[in-house]
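Participant: Before I ask anything, here is the structure I am working with.
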Amino acid sequence: MMKLSKAVIDSAPKVELHMHLEGSLEPKLLFALAQRNNVDCGYESLEALQKAYNFSNLQSFLDVYYAGANVLLHEQDFYDLTWAYVLKCHAQNVRHIEPFFDPQTHLERGVSFETIINGIDRALIDAQSQFGMSSMLIMCFLRHLDQESAFTTLELAKSHLSKISGVGLDSSELGNPPEKFSEVFEKSRELGLKLVAHAGEEGPASYIWSAINDLQVQRIDHGVRAIEDEQLMRHLAQIRMPLTVCPLSNTKLKVFEHMSQHNIFQLLDKGLCVTVNSDDPAYFGGYMNENFHALYQDLAMSASQFKQLLSNSVEASFASQARKLQLQTEIESALVDA
């Protein structure tokens, strides 16, 4: 049996399915874009901005997150944001990505949909041509806004569906249950888009049921509170509903006080299709490797568990069957003895 180590983790091929592009905006790039675009980001120095990246819950994080998004104005800004993430992925041997973006955050500031999507898409095309990194882009609706706003955004996206693979649901979960967006998800499905939704992070396990039954999603983002409902756990295992779990995010936002308390391996042991992801890596202390390092360090992740998590991510991805086979082969080759 191969012995797992941080070096093995770092070199293994990976897939990421839950990462918000706006959440990969590192303080250094944020500050540089603020200066380039003559935008007041609310902090006089890079050091002051870096301190602001410390927060205690989802809402205090979102406050900083949305303030940071204000520096993104031009197509090149969205390219630079996405390309910085691509470079980080390449350095960590992430081979396939399915990033989220939040157009409503930018549309309400007067940034056009074309500006947003074209910048992101150019970077993803370059990721494929330069690194062989495949990608599928997911457009998220902000759940603290109303469904009418989501429909308006979907209408704007219609002429760009060749660049968008799916839709998701993110932002403040409490008080904004999935069923609030049933109609816009139904319309998205009719347009041929894949469907995912954040559920069961701060919100209760019942939100996971709603995401499955009312939105008919193909993946649950987070989902760690499923463990509170045994019937739900059995159902998730039976239908192989993927959960895109984000360990560092969960501890940063105090879903769990410490990584040693995280339930990811309890979920895995119950037969759930659990995956590991970074969520908002610039804010939560790390990208893919750092999340796996934390599981290795604080939860004694084994080689077989690591391999299962990597394999689950391929299974849960929206990549073509041919690409999935390539990715699984890469993982098998890298972890041949696990």
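Since every read-out is calculated from the coordinates, none of them should be taken as a lab result. This one's a predicted model, so the numbers in the text were calculated from it and none came from an experiment. Positions of Cβ are generated from backbone atoms using ideal geometry, with glycine treated the same way; all protein chains shown enter the neighbour counts.
Participant: Size of segment 111-158 along its principal axes in angstrom, Cα-based, largest extent first?
Facilitator: Here the spans come out as 39, 18, 17 Å, largest first.
Participant: With each pseudo-label sitting 7 Å past Cα toward Cβ, what's the S112-Y66 distance in nm, one decimal?
Facilitator: Here the modelled spin labels are 2.6 nm apart.
Participant: Taking 7 Å along the Cα-to-C-beta vector as the label spot, tell me the K254-L87 distance in nanometres, rounded to one decimal.
Facilitator: Result for the modelled spin labels: 3.5 nm.
Participant: Quick one: of the DSSP bridges fully inside the chain, what percent are antiparallel, nearest 5?
Facilitator: DSSP beta bridges in the chain are roughly 0 percent antiparallel.
Participant: Continuing with this model, one more query. Multiply the residue gap between N37 and D126 by 0.36 nm, knock off their C-alpha separation, and tell me the result in nm, one decimal place.
Facilitator: Full extension of this stretch gives 29.6 nm more.
Participant: I want to verify a result. In a Gaussian network model of the chain, Cα cutoff 10 Å, which of these has the top mean-square fluctuation: A32, A123, A12?
Facilitator: Maximum fluctuation in the GNM of the chain, among the listed residues, is at A32.
Participant: By a straight-distance test (C-alpha under 14 Å), which aspartates and glutamates pair with K158 as possible cross-link partners, with residues fewer than eight away in the same chain excluded?
Facilitator: Result set, ordered by chain and number: E114, E190.
Participant: Also: Using the beta-carbon distance between H235 and S162 and R0 = 30 Å, what value does 1/(1 + (r/R0)^6) give for FRET efficiency, to the nearest 0.05? Spell out each step's value before the answer.
Facilitator: Numbers: r = 34 Å, r/R0 = 1.15.
The formula returns an efficiency of 0.30 here.
Participant: Volume per residue, Å³, of the convex hull around the alpha-carbon atoms of segment 192-296? Can you show the working numbers first?
Facilitator: Details: hull volume 10.4 nm³, N = 105.
Once divided by residue count, the hull of segment 192-296 is 99 Å³.
Participant: I've got another one for you. Say the cut-off is 19 Å between C-alpha atoms; which of K51/K88; K194/K307; K3/K324; K14/K252; K3/K307 go over it? Working shown, then result.
Facilitator: Values: K51/K88 22 Å; K194/K307 26 Å; K3/K324 26 Å; K14/K252 23 Å; K3/K307 12 Å.
Over 19 Å apart, Cα to Cα: K51/K88; K194/K307; K3/K324; K14/K252.
Participant: Right, something else. Using Cα pairs closer than 8 Å and at least 6 residues apart in sequence, work out the relative contact order for the chain, in percent.
Facilitator: That works out to 21 percent.
Participant: Within segment 284-321, what residues put their amide N at less than 17 Å from the label point 7 Å along the Cα-to-Cβ vector of D337?
Facilitator: It comes to 302-307, nothing else.
Participant: Report the dimensions of the chain along its three principal axes from the alpha-carbon atoms, largest first, rounded to Å.
Facilitator: Sorted largest first, the three principal extents are 55, 41, 40 Å.
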